[in-house]
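Enquirer: Just passing along the structure, written as structure tokens.
The values are calculated or read from the model by the stated rules, or taken from the named source; none is laboratory data. Every value quoted in this text rests on a predicted model; they were computed, and no experiment measured them. A quick note on method: Cβ atoms are made from the backbone with ideal geometry, for glycine too, and the neighbour counts reach across all protein chains shown. In case anyone asks, the SASA skips ligands and DNA or RNA and just uses the protein heavy atoms, side chains included. Shrake-Rupley method; radii C 1.70, N 1.55, O 1.52, S 1.80 Å.
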Amino acid sequence: MPTPIDSVLASVPTQLFVGGEWRDSSDGATIDVLDPATAKPLLTVASAGLGDAAAAVSAAQAALDGWRRTAPRTRSTILRRAYDLMTERTQELALLISAENGKALPDARAEVAYAAEFFRWFSEEAVRLNGSLQVAPSGDYRIVVQREPIGVAVLVTPWNYPAAMATRKIGPALAAGCTVVLKPATDTPLTALALAALLREAGVPDGVVNVLPAHRSGQVVGALLADPAVRKVSFTGSTEVGIKLLHTAADRVLSSSMELGGNAPFLVLEDADVEQAVAGAMVAKMRNGGEACTAANRFYVHESVAEEFSHRFATAMGELRLGPGYDEGVDVGALVNQAAQEKVQDLVDDAVGRGAEVLTGGTIPDGDGFYYPPTVLDNVAAEAEMMHDEIFGPVAPIVRFTELEEAVAAANRTDYGLISYVYTADLARGMRVAEALECGMVGLNRGVVSDPSAPFGGVKLSGLGREGGHEGMLEYTETKYIATAW
Ligand code: NAD
């Protein structure tokens with residue numbers, strides 16, 4: 001008797017998607033995609049080689065002229081159809097995401113909704129690529145400024161949001177009139193291939209979207225970026241790889257957008273509503289099982305409320321049900337792979353070795369699959385590695401503070417600057433703290449900020465550029481200034 005997962009897997013394409021056609025890798029290479037819940041193989045997909053990289057760029061280049069001249073209203077309608085199709089297929093896509101990534105179904109369904117919203121939002125933005133017109137200060141001529149699609153864009157995405165990180169790039173690129181080559185993460189290529197099929201069904205012309213899973217990521221992305229037809233790279237992933245790609249992009253002066261790692265502080269001030277702060281902490285920490293660049297990584301809690309906060313937070317974390325992500329009723333699925341599981345355990349062992357107190361969790365459960373239990377550690381030392389490294393798992397370290405200035409200084413003592421969270425009953429004070437925090441986004445009395453209609457992105461080592469909002473589409477355009485008189 002086939003399970004719902006079997007039926008979903010049976011309909012997923014497993015080949016490369018180039019120029020509107022499905023094809024095997026030019027050198028016959030493949031990737032085995034594993035189920036993190038069981039550590040067993042799910043499907044084998046084609047893995048692109050250098051010949052495929054060249055073919056994909058050439059298909060994107062061939063499609064560019066037609067797509068950039070396609071009426072914005074038509075591009076908008078196609079993107080809107082993609083939103084409708086994704087929304088209709090929420091359950092199938094969510095099962096697929098859970099199967100290859102490990103996340104629990106509520107997180108997977110939330111991802112499908114979030115991912116689809118990028119198609120809806122950018123279908124609305126596609127008809128709003130405004131320019132400007134002004135009289136030159138001399139009065140002699142006019143300054144006409146218009147936005148043009150930048151050209152062929154290479155998109156490289158991580159495994160933690162296999163659908164949303166792809167739609168957050170494809171949506172604005174297509175809205176602006178660009179064509180793309182997407183290189184999804186090696187651990188999670190299935191969702192990207194399913195999206196390619198869905199986009200074709202929505203009416204995206206051949207060659208406008210090409211998808212190349214590749215286990216030799218460095219070589220394949222290197223070849224894509226070296227191709228003279230490529231004008232843009234948009235990357236989401238680790239800071240380490242982002243820096244490498246910026247070096248590569250520099251050789252061709254490629255426009256680069258980088259959404260990189262985070263190390264988010266979560267501040268609970270003495271006047272905060274503790275119940276609300278715990279509810280916010282649960283979302284900020286546990287959305288996507290802790291595998292989010294926006295995940296709260298360090299909790300700074302005022303000592304007057306620390307006891308109550310830690311107790312309530314640990315209780316809520318301890319009540320979450322761990323299990324196979326695709327089973328209904330599970331709150332937290334498996335981590336993506338064994339390396340992730342081992343890294344989280346090493347970080348916990350290091351913090352405990354430096355005196356942290358385990359309030360809940362802290363050890364890998366027996367059995368198969370890459371599970372890690374929701375964990376809360378109290379009184380974590382400032383020197384603990386997890387205070388400096390991205391944990392990327394369901395572990396919450398708590399530090400107590402007495403002076404707000406010290407907490408803000410500690411929050412800023414990181415090379416990263418993606419997002420920060422602040423809980424306080426005093427909105428004006430919260431705004432002052434939000435302005436003092438060095439980051440691209442702040443959740444003020446909110447545990448989640450991601451929204452397709454808002455500019456998402458970081459400062460410092462967390463990245464360059466913004467995705468979502470109106471800014472998200474501008475990343476795929478060049479500004480052209482025409483001086484003229486009439
Ligand atoms: P990663 O950097 O290992 O991989 C990201 C992508 O780059 C994958 O497609 C991978 O195959 C590819 N890649 C790996 N090495 C490469 C190389 N040498 N050259 C070219 N491409 C290469 O990151 P990951 O482990 O997939 O994702 C986790 C990281 O992503 C975390 O640091 C997380 O914070 C970050 N992230 C950031 C955001 C954001 O918006 N800021 C969102 C999600 C994830």
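Enquirer: For Ala202, state whether it is away from the ligand (no atom under 14 Å from the Cβ) and either closer than 22 Å to Ala292 by Cα or open to solvent by less than 10 Å² (accessible area, probe 1.4 Å) (or both). Lay out the reasoning, then the answer.
Expert: On the way: away from the ligand (no atom under 14 Å from the Cβ): yes; either closer than 22 Å to Ala292 by Cα or open to solvent by less than 10 Å² (accessible area, probe 1.4 Å) (or both): yes.
So Ala202 passes the test.
Enquirer: Can I ask one more? Within the range 406-435, count every residue that is surrounded by fewer than 15 Cβ atoms within 10 Å (Cβ to Cβ) and among the aliphatic types (A, V, I, L, M).
Expert: Count: 5.
Enquirer: Tell me whether the range 152-160 contains one or more residues that are out of contact with any strand residue (DSSP E or B) (no Cβ under 6 Å at 6 or more places or on another chain), of a type outside the set (Val, Ile, Thr) and under 23 Å from Asp331 (Cα atoms).
Expert: yes
Enquirer: If I go through the range 218-241 residue by residue, how many of them are open to solvent by 40 Å² or more (accessible area, probe 1.4 Å) and either more than 12 Å from the ligand (Cβ to nearest atom) or in a helix (DSSP H, G or I) (or both)?
Expert: Looking only at that region, the number is 7.
Enquirer: Out of the residues in the range 301-317 meeting the condition of being open to solvent by 20 Å² or more (accessible area, probe 1.4 Å) and not aliphatic (A, V, I, L, M), tell me which one is nearest to Tyr416 (Cα to Cα).
Expert: That would be His302.
Enquirer: Can you confirm whether Ser310 is under 22 Å from Leu377 (Cβ atoms) and without any contact (Cβ under 8 Å) to a residue 40 or more places away in the chain? Working first, answer last.
Expert: Details: under 22 Å from Leu377 (Cβ atoms): yes; without any contact (Cβ under 8 Å) to a residue 40 or more places away in the chain: no.
In short, no.
Enquirer: Quick one: in the range 242-282, of everything that is of a type in the set (S, T, N, Q) and within 16 Å of the ligand (Cβ to nearest atom), which residue is nearest to Leu347 (Cα to Cα)?
Expert: Let us first name the residues in the range 242-282 that are of a type in the set (S, T, N, Q), namely 248, 255-257, 263, 276.
The next check asks that each one be within 16 Å of the ligand (Cβ to nearest atom); those that pass are 248, 256-257, 263.
Details: Thr248: 32, Ser256: 32, Ser257: 30, Asn263: 14 Å.
Among residues in the range 242-282 that are of a type in the set (S, T, N, Q) and within 16 Å of the ligand (Cβ to nearest atom), the one nearest to Leu347 (Cα to Cα) is Asn263.
Enquirer: Does Leu43 satisfy being assigned to a strand (DSSP E or B) and at pLDDT 95 or above?
Expert: When the stated conditions are applied, Leu43 passes them.
Enquirer: Can you find even one residue in the range 283-291 that is away from the ligand (no atom under 16 Å from the Cβ) and either of a type in the set (Val, Ile, Thr) or over 21 Å from the mean Cα position of the chain (by Cα) (or both)?
Expert: Checked the range 283-291: at least one residue is away from the ligand (no atom under 16 Å from the Cβ) and either of a type in the set (Val, Ile, Thr) or over 21 Å from the mean Cα position of the chain (by Cα) (or both).
Enquirer: Okay, next question. Look at the range 69-127 and say how many of its residues are touching a residue at least 24 places away in the same chain (Cβ under 8 Å), surrounded by fewer than 24 Cβ atoms within 10 Å (Cβ to Cβ) and assigned to a loop (DSSP other than H, G, I, E, B).
Expert: Residues in the range 69-127 being touching a residue at least 24 places away in the same chain (Cβ under 8 Å), surrounded by fewer than 24 Cβ atoms within 10 Å (Cβ to Cβ) and assigned to a loop (DSSP other than H, G, I, E, B): 3 in total.
Enquirer: Out of the residues in the range 190-199 that are within 16 Å of the ligand (Cβ to nearest atom) and either among the hydrophobic types (A, V, I, L, M, F, W, C) or open to solvent by 10 Å² or more (accessible area, probe 1.4 Å) (or both), which is farthest from Arg120 (Cα to Cα)?
Expert: Applying the filter and picking the extreme gives Leu190.
Enquirer: Another one. Any idea which of Pro265, Pro213 is open to solvent by less than 10 Å² (accessible area, probe 1.4 Å), within 19 Å of the chain's Cα centre (by Cα) and farther than 24 Å from Thr188 by Cβ?
Expert: Pro265
Enquirer: Determine if the range 242-258 includes at least one residue that is under 28 Å from Gly325 (Cβ atoms), of a type outside the set (Gly, Ala, Ser) and surrounded by fewer than 23 Cβ atoms within 10 Å (Cβ to Cβ).
Expert: Looking for residues that are under 28 Å from Gly325 (Cβ atoms), of a type outside the set (Gly, Ala, Ser) and surrounded by fewer than 23 Cβ atoms within 10 Å (Cβ to Cβ), one finds none in the range 242-258, hence no.
Enquirer: Another one. Would you say Asp346 is out of contact with any Lys or Arg (no Cβ under 6 Å at 6 or more places or on another chain) and in the same structural domain as Leu404 (by TED's automatic domain parsing)?
Expert: When the stated conditions are applied, Asp346 passes them.
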